[in-house]
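**Student:** Here it is: the structure, laid out below.
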Amino acid sequence: MEHDSYMPMTSVGSGDLIQVADDVYCFTNQIVNLCFVGNSDNWVLVDAGMPKSFDKIIEQAEEIYGENAKPKALILTHGHFDHVGAAAELVEKWDIPVFAHTLELPFLTGKESYPEPDWTVEGGLVAKLSMFFPDEPINLRGISQLPDDGTVPGMPGWKWIHTPGHSRGQVSLFREADRTLIAGDAFITVKQDELLKVTLQTKEVNGPPRYFTPDWRAAEESVQQLAALNPQKAITGHGVPISGEELQEGLKRLADNFKELAVPDHGRYVTEQKNDRD
Ligand SMILES: [Zn+2]
Ligand SMILES: [Zn+2]
């Protein structure tokens, strides 16, 4: 019974760590979230935070799973620098496999760079973020594509769902049993202009971060796909975890009004697509 597995979200430790569901923890690292999923016998890390967050991630892993805790795998929702910051160091330390969607692999193996952030939609924001931008594309050893059958290595009961738009090979992760969703940046729960104000963020379902989203049509379809899952709880790449009606109504509203709510009025990746559709 799905309602039997309902549990409230609770803060753990310093408050940067929130238990969202059974065996699912959300850790907010600066402006970005990552997840610990599983129990001490079998857990995985989903995403790897901002650059220079290695020590923090190890600390949180040990807080949840005990000293020298080591995951079975690292799963990446996508490869933007704010989600892979500690990936190389963690993989090196733990000697674990990494998985991402096959379309995301070129960006994670040094073969391709992401399209440039769209300065015209969020200039100030990107300027602020640019101090963290890595010098060169990441090249992760031991990375493989997620299994074709939709399963997620180390995460029994979860499925991956291709949710492109914000990035070509972005995936979201969904557990049917309690309808828990890890959405990556397919949508976020913070207003675009409050993304960097972590302590002042308003909780609200919003479209993907604008500065990095090159394909708005695919992004819209991805949000519609996620809304159709009717998730009960969600952890997004940015903003606080969200649940219940607040999530379901917010996501439906976003899916039904994506062009008005999510797509910027103008911008490098927008004009052409908007003209097509109007
Ligand atoms: Zn992103
Ligand atoms: Zn992000």
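**Student:** Restricting attention to segment 211-239, which residues are open to solvent by 30 Å² or more (accessible area, probe 1.4 Å) and within 13 Å of ligand 1 (Cβ to nearest atom)?
**Tutor:** P214, D215
**Student:** I would also like to ask the following. Out of the residues in segment 39-59 that are at positive phi and within 17 Å of the chain's Cα centre (by Cα), state the one that is modelled with the lowest pLDDT.
**Tutor:** G49
**Student:** If I go through segment 173-183 residue by residue, how many of them are over 19 Å from E249 (Cα atoms) and surrounded by 21 or more Cβ atoms within 10 Å (Cβ to Cβ)?
**Tutor:** Total satisfying the criteria: 2.
**Student:** Then there's this: Under the condition of being of a type outside the set (A, V, I, L, M, F, W, C) and touching a strand residue (DSSP E or B) at 6+ places or on another chain (Cβ under 9 Å), which residue from segment 81-95 is modelled with the lowest pLDDT?
**Tutor:** So, considering only residues that are of a type outside the set (A, V, I, L, M, F, W, C) and touching a strand residue (DSSP E or B) at 6+ places or on another chain (Cβ under 9 Å), the one modelled with the lowest pLDDT is D82.
**Student:** Considering only residues that are modelled with pLDDT under 70 and either more than 24 Å from W216 (Cα to Cα) or open to solvent by 50 Å² or more (accessible area, probe 1.4 Å) (or both), which ones fall in segment 125-157?
**Tutor:** Result: A127, K128, M131, F132, D135.
**Student:** Which members of segment 196-210 meet the condition of being more than 24 Å from A21 (Cα to Cα) and crowded, with 21+ Cβ neighbours inside 10 Å?
**Tutor:** Those that are more than 24 Å from A21 (Cα to Cα) and crowded, with 21+ Cβ neighbours inside 10 Å: P209, R210.
**Student:** Search segment 169-195 for residues being at pLDDT 95 or above and more than 21 Å from L17 (Cα to Cα), and hand back the single one that is farthest from ligand 2 (Cβ to nearest atom).
**Tutor:** Restricting to residues being at pLDDT 95 or above and more than 21 Å from L17 (Cα to Cα), the top hit is A177.
**Student:** Checking the condition within 25 Å of M50 (Cα to Cα), among the acidic types (D, E) and under 16 Å from the mean Cα position of the chain (by Cα), which residue from D193, D185 passes?
**Tutor:** None of the other options fit; the residue is D185.
**Student:** How many of the residues in segment 60-86 are buried (at least 22 other Cβ atoms within 10 Å of the Cβ) and part of a loop (DSSP other than H, G, I, E, B)?
**Tutor:** So the count comes out to 10.
**Student:** Quickly run through segment 154-168 and pick out the residues that are more than 14 Å from ligand 2 (Cβ to nearest atom) and either of a type outside the set (D, E, K, R) or part of a loop (DSSP other than H, G, I, E, B) (or both).
**Tutor:** If the condition is that a residue be more than 14 Å from ligand 2 (Cβ to nearest atom) and either of a type outside the set (D, E, K, R) or part of a loop (DSSP other than H, G, I, E, B) (or both), then G154, M155, P156, G157, W158, W160, I161, H162, P164, R168 are the ones that fit.
**Student:** Name the pairs whose Cβ atoms lie under 8 Å apart, with the first residue in segment 154-169 and closer than 17 Å to F107 by Cβ, the second open to solvent by 50 Å² or more (accessible area, probe 1.4 Å) and among the basic types (K, R), and 6 or more positions between them or separate chains?
**Tutor:** G165/R217
The values are calculated or read from the model by the stated rules, or taken from the named source; none is laboratory data. Note that the structure is predicted; figures quoted are calculated from it, not measured. A quick note on method: Cβ atoms are made from the backbone with ideal geometry, for glycine too, and the neighbour counts reach across all protein chains shown. Remember, those area values only see protein heavy atoms, side chains included, never the ligands or the DNA or RNA. Shrake-Rupley method; radii C 1.70, N 1.55, O 1.52, S 1.80 Å.
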